[in-house]
Amino acid sequence: MQSGIDTATANLEQWLAYLEAVHPSEIDLGLDRLRQVATRLDVLTLPCEVVTVAGTNGKGSTVAMLDSVLRCAGYKVGCYTSPHFLRYNERICLDGEPVSDELICQAFTRIEQARKDPVGEEISLTYFEFGTLAAFLIFAEQKPDIAVLEIGLGGRLDAANLIDPDLSIVTTVAMDHESWLGSDLEQIGREKAGIFRPGVPALIGSLEGKIPNSVRETAETLGCGGIYQLGKEYSWQSEDGGQNDESASGIESTVDIERQSEKWQWQQLSEQGELQQQYLNLPRPGLPVDNAATVIQAVKLMQHSVPTAAIYQGIEQASLTGRMQRIGRFLLDVAHNPHAATYVVQQLQRKAQSQSQQGKRIALVGMLDDKDIEAVLEITAPHFDEWYVAQLDGPRATPAGRIVKYLQEQGCQHCQTFDNVSLALDKVLQQSTEQDQVLVFGSFFTVAGVLAEKERLLP
């Protein structure tokens, strides 16, 4: 553990190195320590409307589309997300742009002073908790109209849940982070539903039967200010009449890799099932439609009014790094659990049906050890001709040889291992052609490694 940092001169890189060393563990769920420091900083509330988003998959897409719609409506929006790909600043954005090193370092300095308050006990904070408090401080000072907070892990005990929201959204619940959140979906659902509050509207972005009952039950027990669930209180359908047709499989709603021309519609229903409000001829987003439908329901519940034109424009323009992101013949997706892997495979299958595949289908993968690796590979293995397995850095990284072993058990014969993502990318570029499709997936770290060299992906 480092003894300290020169807060007057430290740059962001030095701060981040210090934060990685100052707390004994990477994850330390619980809000008591954080609340003490937040109280000293006077950031237990924010001077703006707050939307909190949790979920196993889909929360990043939801945040991105909500941010886009609100900014199209003319509002100043602050977004806090994690993790980042290339720059730490990506985690804290104002009006679509990462905040400056200077603002983050100033916030870190104040947090460091507060946690070491000479009149109180020194309080230990994790890397993530420092970042969360920094976002709170920056939003408190910069005063956006709306702050959108993405939960990092779980919900109930996540640092971002310290702030009471004005609107809470749970997108999906699937098996992930079992050692922290619980061994079954009902337990995990209760943890994610921990972002709900009495008297505050609760949105559930998955169909009944596709999300554990514990999510809605928690909202009902708390007495939330209305419960709005996909397929019940609001829904969507294609213009050809297929209702919520792209989420029927139980995975996050499926849109084609390429933007489609067909339109869709959204509707809000009364308790009696009667149509209350409707939007027709909505543009296909480049992100899942379930999440787009949830965003529309969200803006209908917010304190800030949003014009219809902003909804259409914001949904069409929204994009998200590392989620079905196409760069040349490369497709990048952070899919790292069975739920997300199923989604990616379904997209590839849909594309194959709409376009003839001339070349090979290649996978570049690296994963962390706390994921359900065998399940992810069982889902993806049959769909690729060649595998390039990269060793990731850090103690949580899964040995590349173990991934190959799992792949071989699934019948994959063409597997190669590499010491890092860059070397794997080198070999992919050497051994593939422009007719081949390459999927990069398995972890934020895998995608980040390729994004760092994205200029090499273009013809």
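Any read-out appearing in this document is the output of simple, stated calculations on the displayed coordinates, not a laboratory observation. None of the values given here were measured: they were computed from a predicted structure. Cβ coordinates were reconstructed from backbone atoms using ideal geometry, including for glycine residues, and neighbour counts include every protein chain displayed.
General observations
- The protection proxy used here, the mean number of other Cβ atoms lying within 10 Å of each residue, ranks peptides 70-76, 338-344 as follows, highest first: 338-344, 70-76.
- Eligible lysines near K454 by straight Cα distance, threshold 19 Å, same-chain separation 8 or greater: K427
- 25 Å Cα-Cα reach of K371 towards lysines, excluding residues that sit fewer than 8 places from it in its own chain: K59, K192, K210, K405
- Across region 412-459, counting alpha-carbon atoms alone, Rg and Dmax equal 10.8, 30 Å.
- The chain: antiparallel DSSP beta bridges as a percent of all, rounded to 5: 35
- Per residue, the chain reaches -11000 deg cm²/dmol at 222 nm when only DSSP H runs of four or more residues are counted, each adding -39500 (n - 2.57).
- For volume of the Cα convex hull per residue in Å³, the value calculated from this model appears in (i) 145; (ii) 170; (iii) 155 under label (i).
- When peptides 441-447, 318-324 are sorted by average Cβ neighbour count within 10 Å, with the highest value leading, the order is 441-447, 318-324.
- Dipole moment magnitude, nearest 20 debye, the chain about Cα centre, only Lys, Arg, Asp, Glu C-beta charged: 520
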